[in-house]
Amino acid sequence: MPARKGERGTCCSEEDACCRVETLVSVDSRGQMVLPKDFREKAGIGPGDKLALVSWERNGEICCLVLMKAEELGELVKERLGPVLGGIMQRP
């Protein structure tokens, strides 16, 4: 289950989270994709929500894409970098 707003952690870092193919999307001639309504509802994606497209690159080519809510990405960054930045800021 994804972490709810205000809970510590993100769904992307939970040990009990899982990954699966939810749906296939097509890219139209204008480069646009449509996320199916049932998936948007399941993911809690609504009008005006911001999504981050994260990519992995291998041998100079993008090999994997992940689409995630921007707020989840922000929480993930805080979770991972917070302790590092906190340590840097506390140094004399």
Seminar exercise, completed: Fewest-first ordering of Glu79, Glu72, Glu41 by Cβ atoms within 10 Å yields Glu41, Glu79, Glu72
Seminar exercise, completed: Exposure-ranked with fewest Cβ neighbours within 10 Å first, Met68, Met33 stand as Met33, Met68
Exercise. Residue by residue, what Karplus-based ³J(HN,Hα) values in Hz, rounded to whole numbers, does the range 28-43 have, using 6.51, -1.76 and 1.60 with θ = phi - 60° and x for Gly and Pro?
Worked result: 7, 5, 8, x, 9, 10, 10, 7, x, 4, 4, 5, 4, 5, 4, 8
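For Glu75, Glu22, what ranking results if the residue with the fewest other Cβ atoms within 10 Å of its Cβ goes first? Could you put the intermediate results ahead of the total?
Numbers: Glu75 21, Glu22 12.
Exposure proxy ranking, most exposed first: Glu22, Glu75.
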For this session: In nm, give the distance between the simple-model label positions of Glu22 and Val77, each being 7 Å from the Cα along the Cα-to-Cβ direction.
Result: 2.1
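A short reminder: the numbers here are calculations on the coordinates, not readings from a lab. Nothing here was measured: the structure is a model prediction, and the numbers come from that model. When we count neighbours, we look across all protein chains shown, and the Cβ atoms used for this are built from the backbone with ideal geometry, even at glycine.
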